[in-house]
1. Take the residues in the range B:62-101 that are among the acidic types (Asp, Glu) and part of a loop (DSSP other than H, G, I, E, B); name whichever of them is nearest to the other protein chains (Cβ to nearest Cβ).
2. When only residues in the range B:163-187 that are closer than 20 Å to B:Val126 by Cα and of a type in the set (S, T, N, Q) count, which is farthest from the other protein chains (Cβ to nearest Cβ)?
3. Across the range B:111-123, what is the number of residues that are more than 8 Å from chain A (Cβ to nearest Cβ), modelled with pLDDT of 90 or more and either assigned to a helix (DSSP H, G or I) or out of contact with any Asp or Glu (no Cβ under 9 Å at 6 or more places or on another chain) (or both)?
4. When the residues of the range B:21-48 are narrowed to those that are within 13 Å of chain A (Cβ to nearest Cβ) and part of a strand (DSSP E or B), which ends up farthest from the chain's Cα centre (by Cα)?
5. For the range A:170-177, check the following and say yes or no: at least one residue is surrounded by 22 or more Cβ atoms within 10 Å (Cβ to Cβ) and closer than 26 Å to B:Pro76 by Cβ.
6. Which is aromatic (Phe, Trp, Tyr), in contact (Cβ under 8 Å) with a residue 12 or more places away in the chain and more than 14 Å from every other protein chain (Cβ to nearest Cβ), of A:Phe161, A:Phe169?
7. Can you go through A:Val90, A:Val51, A:Val56, A:Val83 and tell me which one is at pLDDT 95 or above, touching a Lys or Arg at 6+ places or on another chain (Cβ under 8 Å) and among the aliphatic types (A, V, I, L, M)?
Amino acid sequence: MVLMIMENTQNKKIKIAIIDYSAGNIHSVYKAFAKKGVSIEIVNKETELDVFDAIVLPGVGACGSAMDFLTKVGLTRRLNYYVLELKKPVLGICLGFQIMTEFSEEGKVKGLGWIPVNVCHIRNVVKSPIRVPHIGWNDVRVYREGMSLLSGMIENPNFYFAHSYFVPFKEIDGNLGITEYGTSFISLYQSKNIYGTQFHPEKSYIGGAVLIQNFLNEVLNAKS
Amino acid sequence: MLKVRVIPVLLLRHWGLEKTIQFANPKYVGCPINAARVFNQHNVDELILLDIVATLENRPPEIEVVKQISAETSMPFTVGGGIRDINTIRELLNAGADRVVLNTSVVEIPDLLQKSAEQFGRQCIVVSIDVRRINGKYEVFTHGGRKSTGLNPLELAKRAEAEGAGEILITSIDRDGTLEGYDLDLIKMVTDNVQIPVIACGGAGSVKDLADAYYQSGVSAVACGAFFLFYGPRRTVLITYPTEEQLLEYFKPEHVRKRDPKKPIDLELSRL
């Protein structure tokens, strides 16, 4: 309890930007961070990003339109500088995670290229008869130890997924969380300052709230 | 492994929460926002909210109800009733809904389903099909079960899948509120013939009914209203939801979501 109050006080020092691709609902992600006491700015046009302690790429809309939007308003360049040069923390959720990769089959678009993987339609990878979209609660298994985003949680915690595209498992650097749906796919990614989740922590009750706090702890570490 | 989703369905009339039997005799049950808050505390897998008179009154669900439920909960929820255009879908998603349910409009407005799936992604769009058995044959009804369409549920389900539905919610009107168990023949007819997930609804009265539907008909999710809203033979209003242990009596462990309520952050959540 005391620990929690301390955490919340610390959170007040954090200023994050949530990127709005103008595709709709960022309400849930906003709410999840607002509950933590951090200060939040919604960014939907070219803005100086250096002032933020972290950036969140939420999970709404389609890959193609999100990338088009970022490029059109001039945010792609700003985001690249923020993440690759300043090396400040970024968290991508669902679609936000997918646009951090090199390429997505959804709309056949180039992503931001920060994570060396591709996004595929589940049906193009899994040949067994599974139902797509993948909707519901599934296990996230740690592939390599040292996943701070899952610290304090039960083993193989369950999170809420809703998606038709995914990142098939591939041996890459960083800490990975793996989920099974017809095949293994990357559901959680953490490498240096780059964090991504295929699932929706903002819709996953306590587990999701813990994950978001773990991310904020990383942000605090990076800040000090 | 993907878990079974056990989904309470809340029937709305504007700001009120109701429950029907065979889509008739609506009984006032209480306030939907309170109910959603309680279900959130029960750690439910997901919630479905349907305004059962919205289509008849030619209006969408109350946006303010959706906003308040979103503010009170941290779970996925789906909203439907009277949705007839893309703008309404956008408003509902902006208000915090994760997904929307289309029913009458799938039959009446030819390109709405396809356009909404393109705009918001397939996983956002649930197509609900209400079915009555007439002289031994299944038939789709729209307008809250009031209007006969002459359509076969399987044909409509396949069409919905082809046009971009992310999931089918199949409801037996005959079983609604009866607690007699799901119409497994009806459900299986759909699950056997589509490759998108299917939610069964109508008739569940026990955890065994949920498991029977899951293991015998291949649904991805099981939804129910009366079973989670009423208690005992007098149908006293009392919200319940099966615990992990109760589900494990009938479901295999790998199919039951691991809830994680024992963390210190629990306190923070209960402050919602």
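1. Looking at the filtered set, the residue picked out is B:Asp98.
2. B:Ser172
3. The qualifying residues number 6.
4. My answer is B:Leu47.
5. Let us first name the residues in the range A:170-177 that are surrounded by 22 or more Cβ atoms within 10 Å (Cβ to Cβ), namely A:176-177.
Those left that are additionally closer than 26 Å to B:Pro76 by Cβ: A:176-177.
Within the range A:170-177, one or more residues are surrounded by 22 or more Cβ atoms within 10 Å (Cβ to Cβ) and closer than 26 Å to B:Pro76 by Cβ.
6. The conditions single out A:Phe169.
7. A:Val51
Let's see how each residue does on (1) farther than 29 Å from A:Pro201 by Cβ; (2) free of Cβ contacts under 8 Å to residues at least 60 places away in the same chain:
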site: B:Asn58; (1), (2): yes, yes
site: B:Glu62; (1), (2): no, yes
site: B:Ser70; (1), (2): no, yes
site: B:Thr73; (1), (2): no, no
site: B:Thr78; (1), (2): no, yes
site: B:Gly81; (1), (2): no, no
site: B:Asp85; (1), (2): yes, yes
site: B:Thr88; (1), (2): no, yes
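The values are calculated or read from the model by the stated rules, or taken from the named source; none is laboratory data. As the structure is a prediction and not an experimental result, all values here were calculated from the model. With ideal geometry, Cβ positions are generated from the backbone for all residues, glycine too; neighbour counts draw on all protein chains shown.
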